[in-house]
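Structure first, commentary second.
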Amino acid sequence: MQPTPEEQILLSQWQKGNPKALSVLYDRYSGALYGVVLRICKNEAIAQDVLQETFITIWKKASNYDPQKGRFYTWAYRIARNKALNALRKEKDLIQNDNLSVHIENEDSTMELLGLYSINGALATLEPHHQKALQLIYFQGLTHREAHEVMKVPLGTFKSYVQQAMKQLREIYKTAPLLVYWCLEQIL
């Protein structure tokens, strides 16, 4: 998807070092990026720091962005996601146990792991095109428009893939709707 002429001018000014252009980009995209970061970090203070680091990187790495390779949001999303994941890795509490090996002390990690195994098992029962559709949307963070282009199917067909896959997952987890909700929250 090509940027509009207005976006092209804005992106060009940003890449030339115009701070006003960065300000406009921040106004346009910070809300969406903050939502992504907050879902990953689950901590407002960390999410705010990560968002700030994201835009510092966007400013410093402006020359790395190539509009021919993808949309600005997708590029910025990947920066924000990586920064959020790195922040999570830094925040994990490492505790030494008796045999002097290191492990992460977290009661929820077992439940999270079981939930992810459960959702991955459910995903494996879906048709390959349904699996791919959910992977592109929920795991890779693409929009429906971007994902339908990756799968090379019409947008309406792609949306029906997502709806059919979610319907099948609801049927699989009919007896455990809270588990599905919890698993999807962990993934998203």
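In the range 19-48, how many are in contact (Cβ under 8 Å) with a residue 60 or more places away in the chain and either crowded, with 18+ Cβ neighbours inside 10 Å or not in a helix (DSSP H, G or I) (or both)? Talk me through it step by step, then tell me what you get.
Of the range 19-48, the ones in contact (Cβ under 8 Å) with a residue 60 or more places away in the chain are 36, 39.
Next cut, either crowded, with 18+ Cβ neighbours inside 10 Å or not in a helix (DSSP H, G or I) (or both) only: 36.
The number of residues fulfilling the criteria is 1.
Evaluate the following for Tyr77: is it aromatic (Phe, Trp, Tyr), part of a helix (DSSP H, G or I), without any contact (Cβ under 8 Å) to a residue 60 or more places away in the chain and not assigned by TED's automatic domain parsing to the domain that holds Thr143? Lay out the reasoning, then the answer.
Details: aromatic (Phe, Trp, Tyr): yes; part of a helix (DSSP H, G or I): yes; without any contact (Cβ under 8 Å) to a residue 60 or more places away in the chain: no; not assigned by TED's automatic domain parsing to the domain that holds Thr143: yes.
The answer is no for Tyr77.
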Which is under 19 Å from Gln13 (Cβ atoms) and of a type in the set (S, T, N, Q), of Asn43, Asn64? Asn64
From the set of residues in the range 49-70 that are surrounded by 19 or more Cβ atoms within 10 Å (Cβ to Cβ) and not polar (S, T, N, Q), which is farthest from Glu149 (Cα to Cα)? Val50
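Quick check on my filter: what residues within the range 154-164 are without any contact (Cβ under 8 Å) to a residue 24 or more places away in the chain and closer than 16 Å to Pro128 by Cβ? Reasoning before the result, please.
To start, the set of residues in the range 154-164 that are without any contact (Cβ under 8 Å) to a residue 24 or more places away in the chain comprises 154-157, 159-160, 163.
Those that are without any contact (Cβ under 8 Å) to a residue 24 or more places away in the chain and closer than 16 Å to Pro128 by Cβ: Thr157, Ser160.
Each row is one residue, and each column tells you yes or no for (1) over 30 Å from Arg89 (Cβ atoms); (2) modelled with pLDDT of 90 or more.
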| site | (1), (2) |
| --- | --- |
| Thr4 | yes, no |
| Ile40 | no, no |
| Leu51 | no, yes |
| Lys60 | no, yes |
Residues of the range 125-155 being outside any loop (DSSP other than H, G, I, E, B) and acidic (Asp, Glu), which ones? Glu146, Glu149
Condition test on Lys90, is it modelled with pLDDT under 85 and surrounded by fewer than 18 Cβ atoms within 10 Å (Cβ to Cβ)? yes
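The values are calculated or read from the model by the stated rules, or taken from the named source; none is laboratory data. Here the structure is a predicted model, which means the values were calculated and not measured. Note: ideal-geometry Cβ built from the backbone for every residue, glycine included; neighbour counts use all protein chains shown.
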